[in-house]
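Remarks on the structure that follows.
The values are calculated or read from the model by the stated rules, or taken from the named source; none is laboratory data. Please read all numbers here as calculations on a predicted model, not as lab measurements. Here the Cβ is made from the backbone with ideal geometry for all residues, glycine too, and neighbour counts use every protein chain on show. Note: accessible area is taken over every heavy atom of the protein model, side chains too, but ligands, DNA and RNA are not part of it. Shrake-Rupley method; radii C 1.70, N 1.55, O 1.52, S 1.80 Å.
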Amino acid sequence: MSESSFLPTVYDPAPVEEKWARFWVEEKLFTADVNSDRPKFSMVLPPPNVTGSLHMGHALCFTLPDIIARWKRMQGYNVMWLPGTDHASIAVHNVIEQSLAEKGLTREKLGRQEFLRVAWEWKEKYGGIIIHQLKRLGASLDWSRERFTMDPGFSLAVRKVFVDLYQEGLIYRDYYLVNRCPRCQTVLSDIEIEHREVAGKLYYIRYPLADGEGSIVVATTRPETMLGDTGIAVHPDDPRYRHLHGRVAILPIIGRRLPIITDERVEKDFGTGAVKVTPAHDPVDFDLGRRHGLEQVVVIDGAGRMTEAAGPEFQGLDRSSCREKVVARLQAEGYLVKVEDYRHNVGHCYRCQTIIEPYLSWQWFVRMKPLAQPAIKAVEQGEIIFVPENWAKTYFDWMYRIHDWCISRQLWWGHRIPAWYCQDCAATIVSLKDPDRCSQCGSSRLRQDEDILDTWFSSALWPFVTLGWPEETPDLRVFYPTDLMATGFDIIFFWVARMIMMGLKFTGKIPFRHVFINGLVRDMYRRKMSKSRGNIIDPLEMVKKYGTDALRFTLASLAVPGMDISLSEERMAGNRAFANKVWNAARFVLMNIEGQDLSLNPQELTLADRWIRSRLKKVTGELNAALEQYKFYEAADKIYHFIWHEFCDWYLELCKPSLKAGITSTRAVMVETLERTLLLLHPFMPFITEEIYQHLPGAGKSIALTSFPSAEEIEADEEAESLVGLLQEVVTEVRTIRAQHRVAPKVKIKAWVKATDEITRSRLAVLIPYVKFLAGLESLEFKEDFEAGIPCLRGAGATWEVAIPAAGLVDLSAEKERLRREIKQIEEEIAKLQTRLQSPAFIERAPQDVVAETRANLAELEARRKKLSRSLSGIE
RNA sequence: GGGCGGUUAGCUCAGUGGUAGAGUAUCGGUCUUACAAACCGGGGGUCACUGGUUCGAACCCAGUACCGCCCACCA
């Protein structure tokens, strides 16, 4: 048969993938029907930032749900998987402001209107990149439902949520000490701060007492903040300072009078047991100050520069150079007692890694406790299930101790806070529609709050606003709550928890039933991928090199729930080889069925046909069970092993003689098995399976629209499995003997076989032609007596023996070595089992079937040893 | 300071009570007409350590060590 009419020998993924990716989108295969009467299965994609280009985290984050989506769709579900993007305030600001800076511009110079125009322009231009990439990579998303977190519907919903929460008292404004990033020029919420240990110093500073009698020494890591000190605190029970209670110290440099207060929160054992109190620049001091009525003196501004209140000597200095100057002056004036090296945790901005500055300012907050309570309950009662479940503990830990959420940001790109301040009576107006006049005094001199909302505020609404909320749309009714949310553990607090809280609050329902938490993608040495390390593995580059299917399969085969994934290119090369294997198996099948009768006569099935069907049944069951539990790695492993090591290595090889003999049913089973196998593989490798499927006789519009195999469709055939098991044993034994004696495959040799019981004998009789073919034997005959004086190479199972007359083939001393080694291994095993069986405790207490099994194993091993020993002494 | 996870073959990882597995790497042999991105075969592990429970432990319990991550107001 000429090969030219068939598929090429080497599979080239790129053209195939591009073709089908386009086809799926153009044919709208993944558009869900809201009127369908099939059961629904819905998900929303975690919206990638519009700034980004696709990275491995994304690739993982859509590959796994795509596997589920395709699987469920093939199982007959009405699958709706909604895509979209997130406006990502800070990230967009960083990108745009950086490009402005290159032109010598700042956002202030540009102005708010113009900046927003640039941002939208930028979003239109680059925001589509990820969407394009997702389409190219074949994620089976419903593109008719694509959303953006700043589209008009979203703006309306965000405003409604804000107004409702405000009216209920769950959103409030307060003058509070918050975290500010001096570089990003905005405040951040607590969870946007990353604490990292840094090498710092602990400065001991002496503050003289006002009455001139003595002094008190305090320890601080931030001496520059002393300029804003308004008190000193000691522990009430600390005997060292009892005489100082209620007295007054003098702040060096500034000269301010500092009352010495007592508070339980002071640690007696740290430093000197006395702490300076700077209410405007430290969270603990802020509380202390509020409780004890201390003044708040702001000495560092939002950009990290010293204010006028820091005094003329320091005003305008950066906080770090100010530290040096303050320390120098303290030293010069004798106030600096000592300086110690000190490692401590310092908060950094999660976006730009700048050290965070506590910053006293008016901000908007969400009161979290009332929202958290039902969200905790939903997980406690199992309405929402984390996979793996131990992530629920992380969720609970955070939720129980939740703090109020600072939601205002001093940025422009985002949802502007719907609050107005009356310039005449100072009233605050929060409203759905832009107000014309003050509701208190009727003045029309209103000024809208300059700030926008934290990006995560709108992200929290993603699962229901994307479906039409606050309208009661059919989509919302049919597809909400969603079934599965797949995302990384790093955003459980940022996103998952807040979606649960907001979902319950505004829809009265959970937003999703299952939360699948995937790990971080790391490099092959388990290091985080980062640009600075230069160890980024770019998914698009991998796609180019190995194909999307190989990338997807690699991610799936490494995805153990909740565990980080360490990725290597070798692994991907291996899976490209797997794709190629599938391709060539398909080529082989297609070559052999072209123009042939494919009718299936059950009477005509060969042993191999019966065996592969039975194996396929079991693998199908295992695959479905694994996916049911989100065990992607296990599912991938099962299908990989089945295709490569059962379908290709044994079944297709066994088909060759049958095909030669012209057995029609084998062709039928071959193509039937190939087709079912492709369906099983499709969720993992959508492209190559589609391409091959389209070459099969009777192919439909798309493999994605076929129905997923179920184990019930096929019958098990234990007899065939057991016979092929025996076949594999014998063939492997003969091959091993050949390989160890360097008997090349093309050298046709004779072999003898015998069985130690009648049943094995009759089974071997059936298997002889197969063994001959697979082991490359010229002949294989039953022979009762091997001991006829001809030196042989021997192998044995428990109930059978093979012998290859060795004359002229090999060096017998090598054979003796081989037999000795094998016997030794068997004897070690036998010794272990004997010890176990000699223990009365084992016989008495272990379950009967375990004991029986152990006995049977021992008997088998002993039988083998006997046979091999006889062979050995025969040679000797 | 609290919590979570990890430690199994050279490497990356599966494996929740009954004779240690995969991929890859490695060594040897093959172009056996689907596939050299392939085929056949081999070697390679006191399952981190110490105790305990059990007839039996990689697996359960207690502790130790090292690695990683998250949370945390000792300035």
What does DSSP give for chain A in terms of the percent of beta bridges that are antiparallel, rounded to the nearest 5? 70 percent
For region A:81-184, listing trypsin sites (Lys or Arg not before Pro) in a DSSP loop whose Cβ sees at most 10 other Cβ atoms within 10 Å gives A:Lys103
Please calculate how many Å² of accessible area region A:317-377 carries per residue, with a 1.4 Å probe and no DNA, RNA or ligand atoms counted. 52 Å²
Set of aspartates and glutamates with alpha-carbon distance to A:Lys866 below 13 Å, sequence-local pairs under 8 removed: A:Glu801, A:Glu822, A:Glu827
If each DSSP helix of 4+ residues adds -39,500 (n - 2.57) and the sum is divided by the residues in chain A, what number results at 222 nm, nearest 500 deg cm²/dmol? -13500 deg cm²/dmol
Using θ = phi - 60° and Karplus 6.51 cos²θ - 1.76 cosθ + 1.60, couplings along region A:97-113 (whole Hz; Gly, Pro as x): 5, 5, 6, 5, 4, 4, 9, x, 10, 10, 5, 5, 5, 6, x, 4, 4
What whole-number value in Å² describes the accessible area per residue of region A:693-758 for a 1.4 Å probe? 51 Å²
Carbon and sulfur together cover what percent of the accessible area of chain A at a 1.4 Å probe radius? 50 percent
What whole-number value in Å² describes the accessible area per residue of region A:408-484 for a 1.4 Å probe? 40 Å²
Percent RCO, i.e. relative contact order, over chain A, from Cα pairs under 8 Å lying at least 6 residues apart: 12 percent
Can you tally the net charge around A:Met685? Count Lys and Arg as +1, Asp and Glu as -1, for every other residue whose Cβ sits under 13 Å from the Cβ of A:Met685. -1
With everything on Cα atoms, drop me the angle between helix A:718-740 and the longest principal axis of chain A, reported from 0 to 90° to the nearest 10. 80 degrees
Could you point to the residue in A:Leu64, A:Leu598, A:His195 farthest towards the positive end of chain A's charge dipole, with +1 and -1 charges on the Cβ of Lys/Arg and Asp/Glu respectively? A:His195
What figure in square angstrom, to the nearest 10, would you give for the accessible area of A:Ile875 with a 1.4 Å probe? 40 Å²
Listed by chain and number, the residues whose amide H is under 5 Å from that of A:Val337, excluding neighbours fewer than 5 places away on the same chain and using placed H, are A:Tyr204, A:Ile205, A:Arg206
Could you let me know the centre-to-centre spacing of region A:127-187 and region A:314-374, using Cα atoms, in angstrom? 29 Å
About the Cα centre of region A:1-155, what is the dipole size in debye to 20, counting +1 per Lys and Arg Cβ and -1 per Asp and Glu Cβ, all else neutral? 320 debye
When every protein chain stays in place and a 1.4 Å probe is rolled, A:His641, A:His93 sorted by accessible area with the largest first are A:His641, A:His93
Enumerate the lysines that A:Lys660 could reach by cross-link, defined here as Cα to Cα under 24 Å, with residues fewer than 8 away along the same chain left out. A:Lys581, A:Lys746, A:Lys748, A:Lys750, A:Lys772
If every Lys and Arg gets +1 and every Asp and Glu gets -1 at its Cβ, then about the Cα centre chain A yields a dipole, in debye to the nearest 20, of 1120 debye
Helix A:497-507: angle to the longest alpha-carbon principal axis of chain A, degrees 0 to 90, nearest 10? 80 degrees
Evaluate chain A: find the radius of gyration of its Cα atoms, find its Kirkwood radius, and give the ratio Rg to Rh. 1.11
